[in-house]
Amino acid sequence: MIDIREEIQKRILVLDGAMGTMLQAYKFDENDFRGERFKDYPSPLQGNNDLLSITQPKAIKEVHAKYFEVGADIIETNTFSGTTIAMEDYQLEDLVYELNFESAKIAKEVAQEFTLKEPHKPRFVAGSMGPTNRTASMSPDVNDPGFRAVTFDQLRVAYKQQAEALLDGGVDLLLVETVFDTLNAKAALFAIEEIKAERNVDIPVMLSGTITDASGRTLSGQTAEAFLISVSHIPLLTVGFNCALGANLLQPHLESIASKTEFGVSAHPNAGLPNAFGEYDETPEEMAEQIEEYLKKDLINIIGGCCGTTPDHIKAIAELASKYSPRKLLVARY
């Protein structure tokens, strides 16, 4: 079995693009989200993309395949909101294990198909672990600054359940992504370390934060460098950033960590900033041109796309990445 830790030394690996952007094109309605199994469910389910791994698995499989076809090395499972905390919105907490397990299984099947066809280019599955819809560092109530909507331990338990199901489903690595609150991320990393000890496994972990605005900080107030320092005690495959910004605006934050870490560095920016209608206009060529600056400056080991990116964006990025060598890793600590 090929380990991603070996492949990342050989070449720049390409992560997939947006799952949500692709699913929007299917124009699924409430009945599609429900399927036969949930047709009488008491809560509205439209918008719960993770549920589509159970009710519309063919579509999820198609999206994964489209990204592999254009050159992606890694696809993310359809589990961005796959915790009991996030699933409370749909009253589907009891379904979390199945959601993650089935999503991982679907992705792994597609990855194995492509690896068999092209053994020189092994494909990998990253178990996507999103930030949840709560923050452990800040109060959601301006009148009660000391209030917290979630505790560290609640996050740890929720993330542990998600990670165990993803591993059982066959993922090759775990991706804790879109981190706007480092305390949330630390709960996820703590849970993963617990699983590694209990199962005696050494699963690679990617960690990807989000710089929320022009201040250059995460929502919980950290600069890129502070974010790096606060998680560097954990053995990581990569540390990096995704979402919120386009490729050009993300570059200075990647520069600030690339020179200060022995881990790999990852990036999956948005296709620019959203327009007045919340849509992303940046073309594959425009995005690739900006990402080439990352490659020229030797900043990254894994590159992909977030909101607004499609297989066309990933194809342009993959073609570009194939022309460059990966950023050298100083010490293989992960």
Inset, instruction - Could you tell me whether any residue of the range 251-272 is surrounded by 23 or more Cβ atoms within 10 Å (Cβ to Cβ), among the small types (Gly, Ala, Ser), within 15 Å of the chain's Cα centre (by Cα) and assigned to a loop (DSSP other than H, G, I, E, B)? - result: no
Inset, instruction - Please verify whether the range 97-111 includes one or more residues that are touching a Phe, Trp or Tyr at 6+ places or on another chain (Cβ under 8 Å), modelled with pLDDT of 95 or more, assigned to a helix (DSSP H, G or I) and not hydroxyl-bearing (Ser, Thr, Tyr). - result: yes
Legend entry - Some residue of the range 180-191 being within 23 Å of residue 301 (Cβ to Cβ), of a type in the set (A, V, I, L, M, F, W, C), touching a residue at least 12 places away in the same chain (Cβ under 8 Å) and in contact with a Gly (Cβ under 7 Å, 6 or more places away or on another chain): no
Legend entry - Conditions (1) crowded, with 24+ Cβ neighbours inside 10 Å; (2) more than 14 Å from the chain's Cα centre (by Cα); (3) under 20 Å from residue 74 (Cα atoms); number of the one not met by residue 155: (3)
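Being small (Gly, Ala, Ser) and more than 18 Å from residue 270 (Cβ to Cβ) is the filter here; which residues of the range 212-233 pass it? Outline the logic, then answer.
Applying the first criterion (small (Gly, Ala, Ser)) to the range 212-233 yields 214-216, 220-221, 224, 226, 230, 232.
Those that are small (Gly, Ala, Ser) and more than 18 Å from residue 270 (Cβ to Cβ): 220, 221, 226, 230, 232.
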Legend entry - Top-ranked residue in the range 284-326 [being polar (S, T, N, Q) and modelled with pLDDT of 95 or more; ranked as surrounded by the fewest Cβ atoms within 10 Å (Cβ to Cβ)]: 322
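Looking only at residues in the range 144-193 that are of a type in the set (Gly, Ala, Ser) and not in a helix (DSSP H, G or I), which one is farthest from residue 236 (Cα to Cα)?
Our first condition is that a residue be of a type in the set (Gly, Ala, Ser); within the range 144-193, this holds for 146, 149, 158, 163, 165, 169-170, 185, 187-188, 191.
Next, from what is left, pick out any that are not in a helix (DSSP H, G or I): 146, 149, 170.
Working: 146: 32, 149: 28, 170: 19 Å.
The qualifying residue farthest from residue 236 (Cα to Cα) is 146.
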Legend entry - Given (1) in contact with a Lys or Arg (Cβ under 7 Å, 6 or more places away or on another chain); (2) within 30 Å of residue 295 (Cα to Cα); (3) surrounded by fewer than 19 Cβ atoms within 10 Å (Cβ to Cβ), number of the condition residue 41 does not satisfy: (2)
Inset, instruction - Would you check if there is a residue in the range 103-110 being touching a Leu at 6+ places or on another chain (Cβ under 9 Å) and either more than 22 Å from residue 47 (Cα to Cα) or not basic (Lys, Arg) (or both)? - result: yes
Legend entry - Considering residues of the range 194-225 that are aliphatic (A, V, I, L, M) and part of a helix (DSSP H, G or I) only, the residue nearest to residue 104 (Cα to Cα): 195
Inset, instruction - Name the one entry in 89, 73 that is among the acidic types (Asp, Glu) and modelled with pLDDT under 95. - result: 89
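The values are calculated or read from the model by the stated rules, or taken from the named source; none is laboratory data. Keep in mind it's a predicted model, so treat the numbers as computed, not measured. Neighbour counts run over all protein chains shown; Cβ positions are idealised from the backbone, glycine included.
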